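Data first, discussion second: the structure below is written as structure tokens.
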Amino acid sequence: QVQLVESGGGLVQPGGSLRLSCAASASIIGVYTMGWFRQSPGKQRELVAHITSSGNTNYADSVKGRFTISRDNAKNTVYLQMDTLKPEDTAVYYCNAVHMIWNYWGQGTQVTVSS
């Protein structure tokens, strides 16, 4: 069983930045497709960004040019750098790892963008 632990969430003003981290309990970062999802009250969980085992990245249109996903295989950690944050980015952010039949989720970290 793989565990994913997110950190780095918090309260930030509009226009500010945060970096989320997702630490995996096993050496999966270079094998699994790692993703960040978010969910705000009353809305469905949505994909924010993902990075494949080969390093290809994909972003939701709403975050392109503002968010960057990256990984450190040696640290078994995936990051989400979030810049120019907007109030509509407020949500619980979840880390996800998927490979073939295996699919794991973290517990989520709250990001609140407000003045």
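Numbers at a glance
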{"item": "Some residue of the stretch 84-94 being open to solvent by 30 Å² or more (accessible area, probe 1.4 Å), in a loop (DSSP other than H, G, I, E, B), of a type outside the set (Ser, Thr, Tyr) and out of contact with any Gly (no Cβ under 9 Å at 6 or more places or on another chain)", "result": "no"}
{"item": "Answer residue from the stretch 49-79, given it is among the polar types (S, T, N, Q), touching a residue at least 12 places away in the same chain (Cβ under 8 Å) and more than 20 Å from Val111 (Cβ to Cβ) and is surrounded by the most Cβ atoms within 10 Å (Cβ to Cβ) among those", "result": "Asn76"}
{"item": "Matching residues, the stretch 8-49, being under 25 Å from Asn73 (Cα atoms) and not in a strand (DSSP E or B)", "result": "Gly8, Gly9, Ser17, Ser25, Ala26, Ser27, Ile28, Ile29, Gly30, Val31, Tyr32"}
{"item": "The stretch 9-48 - residue that is among the polar types (S, T, N, Q), touching a strand residue (DSSP E or B) at 6+ places or on another chain (Cβ under 7 Å) and farther than 13 Å from Gln81 by Cα and, of those, surrounded by the most Cβ atoms within 10 Å (Cβ to Cβ)", "result": "Thr33"}
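The values are calculated or read from the model by the stated rules, or taken from the named source; none is laboratory data. From a predicted model like this one, the values you see are computed outputs, not experimental measurements. Positions of Cβ are generated from backbone atoms using ideal geometry, with glycine treated the same way; all protein chains shown enter the neighbour counts. What goes into the accessible areas is simple: the full protein's heavy atoms, side chains included, and nothing from ligands, DNA or RNA. Shrake-Rupley method; radii C 1.70, N 1.55, O 1.52, S 1.80 Å.
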